[in-house]
Amino acid sequence: MPPVPEYEIEFRWKEQVFYWEGDRGLHLDGGWGLKPYVTYFPSVERWREVAPDWAMDKRELVLQRLIDHGPVHRVEETEVYDYPIGVTR
């Protein structure tokens, strides 16, 4: 049986980007009408307000993993999140 990945990044239709660690995840907005695609990531201030408890101390790690994901998209920090971003599978 292959090892379970530590995390995964999933791009879904309708400009949705999901960052998963097991069954816990983050739902981020994306901009598909742009080239390259954009993943919008909460600013430091917004992160404290919208991230779930399990991800509170992982902001820089998640951000770096998204940046390192490849040239398919770029990551832009933003203040626009006004709702919780935590999700479960």
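The values are calculated or read from the model by the stated rules, or taken from the named source; none is laboratory data. Only a predicted model underlies this, so the values are computations on that prediction, with no experimental measurement involved. Glycine gets a Cβ as well: all are built from the backbone with ideal geometry, and neighbour counts include every protein chain shown. Note: areas computed on protein heavy atoms with side chains; ligands, DNA, RNA excluded. Shrake-Rupley method; radii C 1.70, N 1.55, O 1.52, S 1.80 Å.
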Go through segment 62-79 and give me each residue that's of a type in the set (Val, Ile, Thr) and closer than 14 Å to VAL38 by Cα.
-> ILE67, VAL72, VAL75, THR78
Looking at LYS58, is it more than 14 Å from the chain's Cα centre (by Cα) and without any contact (Cβ under 8 Å) to a residue 12 or more places away in the chain?
-> no
Just give me the residues in segment 16-43 being assigned to a strand (DSSP E or B) and aliphatic (A, V, I, L, M), in sequence order.
-> VAL17, LEU26, LEU28, VAL38
Take the residues in segment 61-81 that are exposed (fewer than 14 other Cβ atoms within 10 Å of the Cβ) and of a type in the set (A, V, I, L, M, F, W, C), then tell me which one is farthest from TRP13 (Cα to Cα).
-> LEU61
Restricted to segment 18-27 and to residues being in contact (Cβ under 8 Å) with a residue 60 or more places away in the chain and in contact with a helix residue (DSSP H, G or I) (Cβ under 7 Å, 6 or more places away or on another chain), the residue least open to solvent (accessible area, probe 1.4 Å) is LEU26
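Every residue, every condition in (1) open to solvent by less than 80 Å² (accessible area, probe 1.4 Å); (2) touching a His at 6+ places or on another chain (Cβ under 9 Å); (3) farther than 23 Å from THR88 by Cβ, yes or no:
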| position | (1), (2), (3) |
| --- | --- |
| GLN16 | yes, yes, no |
| ASP29 | yes, no, no |
| LYS35 | no, no, yes |
| VAL38 | yes, yes, yes |
| GLU45 | no, no, yes |
| ALA51 | yes, no, no |
| MET56 | yes, no, no |
| ARG59 | yes, no, no |
